[in-house]
Amino acid sequence: MTLNGKQILLIVSGGIAAYKAAVLVRRLKDAGASVVPVLTRGGAQFITPLTLSALAENPVYEDLFSLKDEAEMGHIRLAREADLILVAPASADLIAKMAHGLTDDLASTTLLAANGPVAIAPSMNPVMWANPATQANVATLMQRGIQVWGPADGDMACGEIGTGRFEEPEDLVARTLAFFAPKPLAGKRALVTSGPTHEPIDPVRVMANRSSGQQGQAIASALAAAGAEVTLVTGPVNLPQPPGMTVVPVQTADQMLAAAQAALPADIAVFAAAVADWKPKTTATEKLKKVGGQDELSMSFVKNPDILATIAQADHRPALVVGFAAETENVVANAQGKLARKNADWIVANDVSGGAVFGEQTNTVTLVSAQEAEAWPTLTKDQVAERLVQKIVESLP
Ligand code: C5P
């Protein structure tokens, strides 16, 4: 997938992140897009028109009342010729102007004259972002169908930490690619479970496993990129929340089952979570203490619900149910047994006999159905996700 033949009108407004617009122009061009920059007065305080123009290999438009800019390319044409208008960074001020239809410069006038797709990548101090005025303005823009890309969490140039960071240029290019990608799963609903579960032993201890959630999140993102409406039910993970989907964080298997059931009906369900098979029979209400002379501790466990099997046998069974299985021997035979027992359509089977898969960047899997077993080469988890989604697209009516 490339951006070949796509024209992007890149509106750069005021904010320290405007310096990253230079990298964004480069990356968009690397992906094949042609980029026409528009710079606001505030934006020009942080990055020069010459930088943007040189990188875009296009003139930069700045002035609504400039005879030259209007003669070359009026604001109406600027708005209409773009396949996407991307406002990056989008300042609180420009967002407010967009929400209220104000037009006192070239950027805001072009945005009001636009009748095609618009995306904004906000960037501002976390308190400005959280301000109800900004939140109301952003909600208004979303209601009007404007895409909101970010902001991300983390350290800010102003020294504060919070939500308000400009999305990295690479992430914005990924979002632009996803925006233009074909949407074969448009209108389909997908449920993905991901990550480990944490089963409480006492108020401070849990029984957990090493699942990182990377494979599950990659699948959820690939489904969303293909146009599906995705609900990701995730156990506790150390990953940023993926954009473009409903994320339901849970702790225990019981909570994961309830959240998965609440996400039904769905057309596609992928169960990538490493669910604890057992949970402590009782959860101590106080922290378990060491007792003098005690050298052993016994605990009783009871079975957790099987989320996959429950959903695959439910009244509203999704049309396609995909499970995962980590096996150390007889990978295909065991996966086929699991498929039948759990009423799944496919099992993505991992051979984990050679060592850990959890937390690794790559995965070697066999896609097992009742009829066949397809061994895939070692791929990154993103590639596994893309290939699986490709298979899902082919299999659905
Ligand atoms: O643990 P097991 O090998 O049985 O897991 C196979 C599949 O079943 C996986 O897709 C996993 O997410 C799912 N599973 C589940 N609920 C459980 C156990 C496993 O959904 N309690």
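Just so you know, all these numbers are worked out from the coordinates, no wet-lab data involved. A quick note: this is a predicted structure, and the numbers were derived from the prediction, not measured. Cβ coordinates were reconstructed from backbone atoms using ideal geometry, including for glycine residues, and neighbour counts include every protein chain displayed.
Of the cross-linked pairs K279/K303; K188/K391; K279/K342, those separated by over 18 Å at the C-alpha level are K279/K342. Database remark: amide H of V87 closer than 5 angstrom to the amide H of I11, A119, I120, A121 (H placed geometrically; neighbours at sequence offset of 5 or more, or on other chains; Pro and chain starts carry no H).
Most simply put, the chain has about 30% antiparallel DSSP beta bridges, counting only bridges with both residues inside it.
Taking only the C-alpha atoms of the range 247-332, Rg followed by Dmax gives 17.4, 57 Å. Based on Cα contacts under 8 Å between residues 6+ apart, the chain shows a relative contact order of 11 percent.
For the range 88-218, what proportion of DSSP beta bridges, expressed in % and rounded to the nearest 5, is antiparallel? Beta bridges within the range 88-218, antiparallel portion: roughly 65 percent. Helix content alone sets the calculated 222 nm mean residue ellipticity of the chain: runs of n ≥ 4 DSSP H residues at -39500 (n - 2.57) each, divided across all residues, give -9500 deg cm²/dmol. Site pair V291 and E374 shows an inter-label distance of 5.7 nm when each label is modelled 7 Å from Cα along Cα→Cβ. Antiparallel beta bridges, as assigned by DSSP with both residues in the range 189-395, represent about 40 percent of the total such bridges. Scattering from the chain was approximated by placing one identical point on each alpha carbon and applying the Debye formula without solvent; log10 I(q)/I(0) at 0.11, 0.13 1/Å stands at -0.88, -1.07. Rounded to the nearest 0.05, what FRET efficiency do V352 and R26 have when you use their Cβ-Cβ distance and R0 = 30 Å? Between V352 and R26 the formula returns 0.15. In this calculation the C-beta distance from T2 to Q251 is compared with R0 = 56 Å, giving a FRET efficiency of 0.85. Take every Cα pair under 8 Å whose residues are at least 6 apart in sequence, average their separation, divide by the length of the range 7-180, and the relative contact order is 23 percent. Distances over 20 Å make up what percent of all Cα-Cα pairs in the range 7-180? So the pairs more than 20 Å apart make up 46 percent of the total in the range 7-180. Computed over the range 16-108, the Cα gyration tensor eigenvalues convert (square root of 5λ each) into semi-axes of 19, 16, 13 Å, ordered from largest to smallest. Each label was represented as a point 7 Å from its Cα along the Cα-to-Cβ direction; for V204 and A139 these points are 4.0 nm apart. Dipole size of the range 7-180 about its Cα centre, with +1 on Lys/Arg Cβ and -1 on Asp/Glu Cβ: approximately 200 debye, rounded to the nearest 20.
Based on the reciprocal of the average 1/r between different C-alpha atoms, the Kirkwood radius for the range 189-395 equals 17.7 Å. Charge tally around I311: other residues with Cβ under 10 Å, Lys/Arg +1 each, Asp/Glu -1 each, net +1.
Put simply, when 192-200, 370-378 are sorted by average Cβ atoms within 10 angstrom per residue, most first, you get 192-200, 370-378.
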